[in-house]
Ligand SMILES: [Zn+2]
């Protein structure tokens, strides 16, 4: 995960009213919300999001009490929720361009380059916390598998988050603060370099066995084959200078002693292989392949004379490869130096430079390993 600063949302201008046709407009009035312009069925966005939240709270109460009856209020809530959710989708999706300009086109969780299919990811899932469904401060960028994994679970649940606030009836703002504090999010956790590094290891009998630092960044390690159908990567890795072959994975390692980082493990399942019939989630395979591409690139670059131009080319290769945290982990373990500066330090500061928006803009660099 790359720690990022999402900024103040310049360029994202969500509209503050929604307009509905008669059914949704009538139902909103039935529920007690006053239109701003009755003839156009126009309501404030704040009221619409409040109605959506009321729907969710009522739905949870109904699940809890196993209530099956359909009151007029419930029927109206279901109808307006669907109408509101539709329009809210057209609002938050307009954040994709300003977010891409701010952060570069990479998934904020797994680090894949996003050449297409850039998704606006709600840190607090909109189904449980609709109040923040159009708020810039609740957005990061994500790839389909990360957004899908997270969206499917709608984690954390409201009941879970309420416990974290230590209050019986917390406000939505208090829930937001508690959820932000409970996890290491890309836009709030500068310790990601240290608490969630990437490491390489064998896969043997269903277990992952980490290589030593020098084994994992031996510049002669190479990939032998990858399989799209199983997402398995077979490589040749030098152990005590003897080449060994087998299945390898570059996994994100979550520091167990840091609860907010460890909590991220189950949030987007970055180390998932999944069932082999579904080849959609290629995140770990792509990260493992990226590890070996990085080794190959730094092998070449460590043999040429480093100057401003060759260094810039290396950064450009990193931009194309993506997987920023894999770059940082490999460079950190390989301990290469450019004049007196460690490559990893120079990589992080130069690639984050605001003057180079084509690289990794607005990376938070306060805790480089
Ligand atoms: Zn992702």
Part-to-part distance (alpha-carbon centres) for the stretch 1-25 and the stretch 131-184, which is given in Å: 17 Å
Convex hull per residue volume in Å³, alpha carbons only, for the stretch 172-229: 186 Å³
Cα-based shape type of the stretch 17-182, given that a ≥ b ≥ c are square roots of the gyration tensor eigenvalues and the cut on a/c is 1.5: oblate
Residue-averaged 222 nm ellipticity for the chain, from DSSP H runs of 4+ at -39500 (n - 2.57), nearest 500: -12500 deg cm²/dmol
Between the stretch 317-369 and the stretch 245-309, the alpha-carbon center distance in angstrom: 15 Å
Most fluctuating residue given options 297, 219, 270, as computed from a GNM of the chain linking Cα atoms under 10 Å: 297
Largest to smallest principal axis extent of the C-alpha atoms in the stretch 133-220, angstrom: 57, 29, 25
Helix 144-153 vs. the chain, principal-axis angle (Cα, 0 to 90°, nearest 10): 50 degrees
Where labels lie 7 Å past Cα in the beta-carbon direction, separation of residue 229 and residue 64 in nm: 5.0 nm
Inter-site label distance for residue 208 and residue 30 at 7 Å from Cα along Cβ, in nm: 5.1 nm
Where only C-alpha atoms are counted, convex hull volume of the stretch 193-351 per residue in Å³: 129 Å³
Alpha-carbon Rg/Rh ratio, for the stretch 295-347, with Rh computed the Kirkwood way: 0.91
Debye log10 I(q)/I(0) at q = 0.08, 0.13 Å⁻¹ for the chain, Cα point scatterers: -0.48, -1.05
Once the Cα gyration tensor of the stretch 73-123 is diagonalised, semi-axes √(5λ) in Å: 31, 11, 8
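Every number here is computed from the coordinates shown, using simple stated rules; none is lab data. Just so we're clear, the structure is a prediction, and the values are computed from it rather than from any experiment. So basically every Cβ, Gly included, is an ideal-geometry build from the backbone, and we count neighbours across all protein chains shown.
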